[in-house]
Amino acid sequence: MRTRQRSWLVLALITAIALVLSACAAPPAPSAAPAPAEPQAAPSEGGDQGITMALVIGVQGDAFYITMAKGAQDKAEELGVNLIVDGPPEWDAVKQTAIVDAMIARGVDVMAIAANDKQAMIEPLQRANDAGIKIISVDTFIGDGDYVNGPVTFPLSYIGSDNVEGGKIACEALIEAIGGQGKLYIQNTVPGVSTTDQREQGCKEEIDAVDGVELVGVDYNDDNSSKAAEQTTAVLQREPDLGGIFGTNLFSARGAAQAVSNAGLTGVVKIANFDAPESAIEDLRNNVVDLVIAQLPYQMGQVAVEYAVKAMEGDMDAIQPRFRTGYVIITRDNVDTEEAQKAIYKSE
Ligand code: T6T
């Protein structure tokens, strides 16, 4: 009896020592990482850094986001971050909200997101933020994008192009290409998307600043190049003396280029093409488009992951509330330079 009591005592002692040791060995929780509010949230499944980050892209199958995800993945591997990339099959705030909710349930530490709508995505992202997830905007913003003085201030940063400026660059070049006077048309995606709204705004500001240039209309194609081609075909018939078209993103410009080419108006109707997939470069070489405005999505993805790590380390001074990535303007004159070639988006 005595022997059995002693062995229980020894066992209890060993268990207590093991518990104390395992508590000492557990990695310290990052100081700036509030615990997810949802008790059912899965524990972090991070890489070397112990950080799990979600990159929620705007839409699947878009070379711009494929390139962004590549930049993020390369940086995540370098920094030892566990990266999950997901996005809706179509540009749709409801479908993107379901992905945000899945990331909340999964208990990710940081979420970088290209919000599908600057208003509709505020509430789901506020929920994610309330659950302790650090939010970073990449490419598009929510609210008015001013995360210091604007109506929405919980995202840590907005990493992306200056899109008003991008619209101005596009339409200034178009106006020059049509000889300083004539009719322009804008092919756009979906109203409410911060990037393409601002590109339209920048273009309109350029048009308004020049006498003799008229905007004949703006159409919205739901981020669908077939719809963009149909709408452009209708405008070409309605406006036989149209001078130029601004395609505000990859699908808008692609559809516009197809319609111009199908109508046999290559070189007659000028096109400024926002975004730089391989097809846009081909259109540039074939004189179908005159200007390709490449954003820097690879850099956007890289900076998003760097900021995620800084945020988890509590190094908030290293995070700028607005990080402007630049552009590479590609024309037939510089298309073969190293800079232009490097700026072409990856499609896989
Ligand atoms: O132009 C990019 C992106 O900046 C925009 O927010 C949505 O469209 C693209 O992804 C290109 O298709």
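The values are calculated or read from the model by the stated rules, or taken from the named source; none is laboratory data. Predicted model only: the values in this text are computed from it and were never measured. Every residue, glycine as well, gets a Cβ built from its backbone with ideal geometry; the counts of neighbours run over all protein chains shown. For accessibility, only protein heavy atoms count, side chains too; no ligands or nucleic acids. Shrake-Rupley method; radii C 1.70, N 1.55, O 1.52, S 1.80 Å.
List of remarks:
One line per residue, one yes/no per condition, for (1) within 16 Å of V328 (Cβ to Cβ); (2) among the basic types (K, R):
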{"residue": "R238", "(1), (2)": "no, yes"}
{"residue": "F251", "(1), (2)": "no, no"}
{"residue": "I271", "(1), (2)": "no, no"}
{"residue": "A276", "(1), (2)": "yes, no"}
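- Filtered residues of region 53-71 (kept if among the charged types (D, E, K, R) and within 11 Å of the ligand (Cβ to nearest atom)): D62
- The one condition from (1) open to solvent by less than 10 Å² (accessible area, probe 1.4 Å); (2) within 29 Å of I245 (Cβ to Cβ); (3) part of a helix (DSSP H, G or I) that I293 does not meet is (3).
- When A318, A234 are checked against the criterion of being free of Cβ contacts under 8 Å to residues at least 24 places away in the same chain, more than 16 Å from the ligand (Cβ to nearest atom) and either in the same structural domain as A114 (by TED's automatic domain parsing) or in contact with a strand residue (DSSP E or B) (Cβ under 7 Å, 6 or more places away or on another chain) (or both), a single residue qualifies: A318.
- Subset of region 95-130 (residues that are among the aliphatic types (A, V, I, L, M), touching a residue at least 40 places away in the same chain (Cβ under 8 Å) and open to solvent by 50 Å² or more (accessible area, probe 1.4 Å)): A105, A120
- Failed item, numbered, when L284 is tested on (1) assigned to a helix (DSSP H, G or I); (2) crowded, with 24+ Cβ neighbours inside 10 Å: (2)
- For region 242-259, a tally of residues being part of a strand (DSSP E or B) and within 11 Å of the ligand (Cβ to nearest atom) returns 1.
- Matching residues, region 193-224, being small (G, A, S), crowded, with 18+ Cβ neighbours inside 10 Å and over 30 Å from G61 (Cβ atoms): none
- Qualifying residues in region 80-94 (those that are acidic (D, E) and more than 18 Å from Q302 (Cα to Cα)) - the one most open to solvent (accessible area, probe 1.4 Å): E90
- Test: residue in region 175-192 that is open to solvent by less than 20 Å² (accessible area, probe 1.4 Å), farther than 30 Å from G61 by Cα, away from the ligand (no atom under 14 Å from the Cβ) and of a type outside the set (S, T, N, Q): yes
- Residue tally, condition more than 17 Å from the chain's Cα centre (by Cα) and open to solvent by less than 10 Å² (accessible area, probe 1.4 Å), over region 52-79: 1
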